[in-house]
1. So, in the stretch 62-79, exactly how many residues are touching a helix residue (DSSP H, G or I) at 6+ places or on another chain (Cβ under 6 Å), crowded, with 18+ Cβ neighbours inside 10 Å and over 22 Å from Gly121 (Cβ atoms)?
2. From the set of residues in the stretch 34-55 that are modelled with pLDDT of 95 or more and among the hydrophobic types (A, V, I, L, M, F, W, C), which is surrounded by the most Cβ atoms within 10 Å (Cβ to Cβ)?
3. Please work out if Glu70 is assigned by TED's automatic domain parsing to the domain that holds Asn158, acidic (Asp, Glu) and farther than 18 Å from Asp162 by Cα.
4. Taking only the stretch 230-241 into account, find how many residues are touching a Leu at 6+ places or on another chain (Cβ under 9 Å) and at pLDDT 95 or above.
5. Residue by residue through the stretch 257-283, note down the ones that are charged (D, E, K, R), in a helix (DSSP H, G or I) and more than 21 Å from Val226 (Cα to Cα).
6. Scan the stretch 100-115 and give yes if some residue there is surrounded by fewer than 16 Cβ atoms within 10 Å (Cβ to Cβ) and closer than 29 Å to Leu159 by Cα, otherwise no.
7. For Ser90, work out the one condition from (1) under 23 Å from Val180 (Cα atoms); (2) of a type outside the set (A, V, I, L, M); (3) exposed (fewer than 14 other Cβ atoms within 10 Å of the Cβ) it doesn't fulfil.
8. How many of the residues in the stretch 150-164 are assigned to a helix (DSSP H, G or I) and either without any contact (Cβ under 8 Å) to a residue 60 or more places away in the chain or among the aliphatic types (A, V, I, L, M) (or both)?
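The values are calculated or read from the model by the stated rules, or taken from the named source; none is laboratory data. Everything numeric in this text was worked out from a predicted model, so none of it was measured. Because the Cβ atoms are built from the backbone with ideal geometry, glycine has one as well, and the counts that use them run over all protein chains shown.
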Amino acid sequence: MFRLSAVVILYHPDATCSDNIKSYLEHVDILYVIDNSPQKNDFPADIIKSPKVKYFSDLENRGIATRLNEALQYSAAAGYDWLLTMDQDSSFEKDALMNYKKCIAGFPNPNEVAMFGVEYGQKAIQEDCSPVDAANLITSGSIVNIKTARELNGFDENLFIDEVDFEYCYKAKLKGLRIVKFENIHLSHRIGEQSNFRSLKNLKVTKRALHSPIRTYYMIRNHFYVQKKYGKLYPDVFQKRRKDVFTSVKNNLIYGKSKIKTLLSFIKGYRDYRRNRFGKTHE
């Protein structure tokens, strides 16, 4: 079995973060816990004191892309070949990561793959290792080929957050590399703040994910940035992605509590894209 490093990037972690980490810590060789919060957090001692864990905090929010690139650098220096990337609100069910690793170990020509990923949001739809080529994968639960990532210059730090994972996938595919998802592995992953709302169209109550105005800013700015780079290469993918992004914004405008701020963030995100203002925004 290959040696596997992992990274989880924290931002104002809550009490569930420790249990989430414990769901996969046993099956990785080292875990880089990178605290991206601008203030000190009281992180559980049993995690910090684990011989497998290396904790980093510089009390700055440098963004997801930068922190992922740091984890790639740490992993490469330590001689690892693959890096598991996790969000603080994600976890694996029992033995899921062990089975995931077995699927990768049995995969023919894994070096042709830039990133492996898993199912989330729904239960795994297959029982045995079921690899399929994917257009893109989310950061959480993905396992990245470290050598390939460094050859591709890592993750695009212009993005800061949002679209970081998708942009990397498109960049890798453009170089002839594969993005592969195992449909038999399930990741528990929370997307935004989910609540029940009654549809204005058909009055049915459904769950909808809401995001803060600042997330709306990054979603809009980065969507247009990534679409400009890769949209003509993957028109069907971006047609769907555009619909998903605008549906998310619409939900925030209709059901969110900060409608005016969301609208202003939408405008600012598009304006900054047009003006080539990237990286971390200054509100």
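1. Residues in the stretch 62-79 being touching a helix residue (DSSP H, G or I) at 6+ places or on another chain (Cβ under 6 Å), crowded, with 18+ Cβ neighbours inside 10 Å and over 22 Å from Gly121 (Cβ atoms): 3 in total.
2. Result: Ile34.
3. no
4. So the count comes out to 1.
5. Lys259, Lys261
6. yes
7. (3)
8. The number of residues fulfilling the criteria is 2.
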